[in-house]
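J.: Have a look at this one.
The values are calculated or read from the model by the stated rules, or taken from the named source; none is laboratory data. Note that the structure is predicted; figures quoted are calculated from it, not measured. Glycine gets a Cβ as well: all are built from the backbone with ideal geometry, and neighbour counts include every protein chain shown. Accessible surface areas use protein heavy atoms only, side chains included; no ligands, DNA or RNA. Shrake-Rupley method; radii C 1.70, N 1.55, O 1.52, S 1.80 Å.
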Amino acid sequence: MSNDTTAARAFSSDNAAGASPEMVEAVVRAAAGPASPYGSDSITAGVRGRLSEIFERDVDLLIVSTGSAANALSLAALTPPWGSVLCHRDSHINNDECGAPEFYTAGAKVVPLGGDDAKIDADELRAAVRNKTGDVHSVQPSVVSLTQATETGSVYSLDELRTLGSVIKEPGLRFHMDGARFAGAVAALDATPAELTWRAGVDLLSFGATKNGTMTAEAIVVFDRSLTPELGFRAKRAGQLASKMRFHAAQLDAYLTDDLWLRNATHANAMAARLQDGLKAIPEVDLLGAAEANILFCRLPQEVTQGLLSDGYAFYHDRWAPGVARFVTSFATDPRAIDDLLRDIRRHAA
């Protein structure tokens with residue numbers, strides 16, 4: 001199978017996508033000549049300025065190399081070792097980070113909560129933020145982490161974020177947002193990045209970029225700038241202070257230039273919507289929830305799943321429940337690849 005065919009049939013993760021050409025070009029430009037190390041270069045300063053414009057206030061910035069580092073370091077700065085991190089049971093920090101939040105917080109407990117569509121239920125959160133507060137025998141509710149867009153492709157609306165932000169802030173908890181697919185949420189909603197973050201009470205944002213076009217660059221956007229010194233020391237101690245930070249920063253600079261981050265996310269969302277619309281017309285396929293961003297879950301007959309795998313398609317299946325499949329689109333997904341996938345699903349269903 002050729003590389004082109006393989007790419008056209010890759011729906012397992014947006015991490016499987018390559019990088020936007022602008023990233024490669026930016027890194028090449030950054031390689032010309034010397035620059036101050038450890039994030040004191042002009043490119044990193046420029047990215048901080050761009051983010052301040054995007055979020056409509058002065059922010060601080062810590063560039064890291066992985067989303068797990070962004071999440072774990074953020075939570076460590078927001079949680080004492082005897083604290084708890086409240087999150088959805090389907091969240092990445094609960095299921096897919098090998099205990100990194102617990103490790104970097106020196107033992108804080110991750111407490112999973114429920115809610116439909118991988119979104120934290122507000123009533124359950126109201127109870128959890130006050131659970132055993134002041135009881136020396138129990139971990140203390142300290143920070144709430146929610147994922148935007150979620151691991152199932154749903155998106156918190158602005159009203160939902162405002163409600164949850166109020167629940168979080170009223171008893172004095174901290175608010176972290178895992179924005180691994182934040183661009184997809186912004187593209188899906190009629191709201192500004194500021195409204196979706198600090199104006200709803202968010203203290204720290206893990207600003208995802210790798211899934212949406214960069215190669216090795218993620219970031220922590222700091223709205224509560226009193227946290228910046230501690231985050232700086234934690235990043236260094238965790239091996240996340242790159243000496244040649246300008247190469248990470250160059251990617252983020254290209255990512256933010258001319259709204260590439262939103263254009264990429266809009267395309268990824270549109271490809272998921274195209275797939276969703278096509279699946280609705282196939283009686284043998286049951287859609288599970290709505291694809292508001294770039295992730296779609298559905299239930300497929302076993303013969304369809306096996307047929308697609310035999311055709312060389314890559315996607316997760318039977319991981320969440322028998323017959324349940326997940327398809328993820330990206331900035332690099334070709335509309336023709338969606339049409340080919342729908343054609344092959346119809347063929348195997350028949």
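J.: Computed from the mean reciprocal separation of all distinct C-alpha pairs, what Kirkwood hydrodynamic radius does region 9-66 have, in Å?
T.: The answer is 14.0 Å.
J.: Based on the alpha-carbon gyration tensor of region 275-339 and its eigenvalue square roots a ≥ b ≥ c, which shape applies: rounded if a/c is under 1.5, prolate if not and a/b is larger than b/c, or oblate?
T.: Numbers: a/c = 1.41, a/b = 1.20, b/c = 1.18.
It is rounded, given that a/c, with a ≥ b ≥ c, falls under 1.5.
J.: Can you give the accessible area of D14 in Å² (nearest 10), computed on protein heavy atoms with a 1.4 Å probe?
T.: Estimated to the nearest 10 Å², D14 gives 0 Å².
J.: A further question follows. Taking just the alpha-carbon atoms of region 122-263, what radius of gyration and Dmax come out, in angstrom?
T.: Using the Cα atoms of region 122-263, the pair Rg, Dmax is 16.6, 52 Å.
J.: Using the eigenvalues of the Cα gyration tensor, what equivalent ellipsoid semi-axes result for region 128-207 when each is taken as the square root of five times the eigenvalue, whole Å, largest first?
T.: Semi-axes (√(5λ), whole Å): 26, 12, 10.
J.: Got the relative contact order for region 144-234 handy, in percent, Cα pairs under 8 Å and 6 or more residues apart?
T.: Relative contact order here is 26 percent.
J.: Any idea what diffusion coefficient region 219-273 gets from Stokes-Einstein, in µm²/s, Kirkwood Rh on alpha carbon pairs, 10 °C, 1.306 mPa s?
T.: In µm²/s, the coefficient is 117.
J.: Taking trypsin sites (Lys or Arg not before Pro) as exposed when DSSP calls them loop (any state but H, G, I, E, B) and at most 15 other Cβ atoms lie within 10 Å, what is the longest stretch of the chain free of them, the sites themselves excluded?
T.: The longest such stretch corresponds to 133-243.
J.: Run the numbers on the chain and let me know its relative contact order in percent, using alpha-carbon pairs under 8 Å that are six or more apart. Mind dumping the intermediate values first?
T.: Numbers: 691 pairs, mean separation 81.7, N = 350.
Here the relative contact order equals 23 percent.
J.: Sticking with this one: Arrange the residues S157, S145 by how much accessible surface each exposes, largest first, with a 1.4 angstrom probe.
T.: S157, S145
J.: Summing Lys, Arg as +1 and Asp, Glu as -1, what charge do residues with Cβ under 10 Å from the Cβ of G289 carry, G289 excluded?
T.: -3
J.: Also, quick follow-up: Shape of region 59-108 from its Cα gyration tensor (a ≥ b ≥ c, root eigenvalues): rounded if a/c is under 1.5, otherwise prolate when a/b > b/c, or oblate?
T.: Here region 59-108 falls in the oblate category.
J.: May I pose another question? Report, in deg cm²/dmol and to the nearest 500, the calculated mean residue ellipticity at 222 nm for the chain, where each DSSP H run with n ≥ 4 adds -39500 (n - 2.57) and the sum is divided by the residue count.
T.: One gets -12000 deg cm²/dmol as the mean residue ellipticity at 222 nm.
J.: Could you tell me whether region 36-148 comes out rounded, prolate or oblate from its Cα gyration tensor? Rule is a ≥ b ≥ c as square roots of the eigenvalues, rounded for a/c under 1.5, then prolate if a/b exceeds b/c, otherwise oblate.
T.: prolate
J.: Could you tally the net charge around I120, taking each other residue with its Cβ under 11 Å from the Cβ of I120, Lys/Arg +1 and Asp/Glu -1?
T.: Details: positive: R89, K119, R126; negative: D90, D116, D117, D121, D123, E124, E160.
Computed value for this residue: -4.
J.: For q values of 0.06, 0.10, 0.13 Å⁻¹, compute log₁₀ I(q)/I(0) with the Debye formula on a Cα-only model of the chain, without solvent.
T.: Summing over Cα pairs of the chain leads to -0.22, -0.62, -1.01.
J.: Considering only the other residues whose Cβ falls under 11 Å of the Cβ of W320, what net charge follows from Lys and Arg at +1 and Asp and Glu at -1?
T.: Details: positive: R299, R319, R326; negative: D90, E151, D318.
Counting the neighbours of W320, the net charge comes to 0.
J.: Also, quick follow-up: Looking only at the chain, where both bridge partners belong to it, what percent of the DSSP beta bridges are antiparallel (to the nearest 5)?
T.: 50
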